[in-house]
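For reference, the structure is listed below as structure tokens.
Every number here is computed from the coordinates shown, using simple stated rules; none is lab data. Please read these numbers as outputs of a predicted model, since none were measured by experiment. Here the Cβ positions follow ideal geometry from the backbone for every residue, glycine too, while neighbour counts run over all protein chains shown.
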Amino acid sequence: MRVRYRSRSARTAETVYEQVGDVRFCCEAMRERWGLLIGFGALGHRRSTDRAVNLYSVVTQANGTSLLGMTPVDFCPFCGEPIETCRVK
């Protein structure tokens, strides 16, 4: 699987990453769940300070609010193929 991204230095010290182009999926299960269960950076954000492909989870807190959990993955959880993140200049 291959995900292309572009990096930009923001006015702050942090670098911001943005997915560009189409993703080359390794399997149909990954294609179906991309952007819902797994995706580049943070769920629902086009740009992120995280350049990893992450598994997403919702963690409910004691007060009833929810937090987004992100776990970086290096291999497809469905077929096992390595996940490549490739920088585009």
Cβ-placed point charges (K, R +1; D, E -1), dipole of the stretch 2-87 about Cα centre in debye, nearest 20:
400
Per-residue HN-Hα couplings for the stretch 49-60 [Karplus 6.51, -1.76, 1.60; θ = phi - 60°; Hz; x = Gly/Pro]
8, 10, 9, 8, 8, 10, 8, 9, 8, 9, 10, 7
Only bridges whose two residues both fall in the chain count here: according to DSSP, what percent of them are antiparallel, nearest 5?
80
Rg/Rg_globular for the stretch 2-87, with Rg_globular taken as 2.2 N^0.38 Å and Rg from C-alpha atoms:
1.16
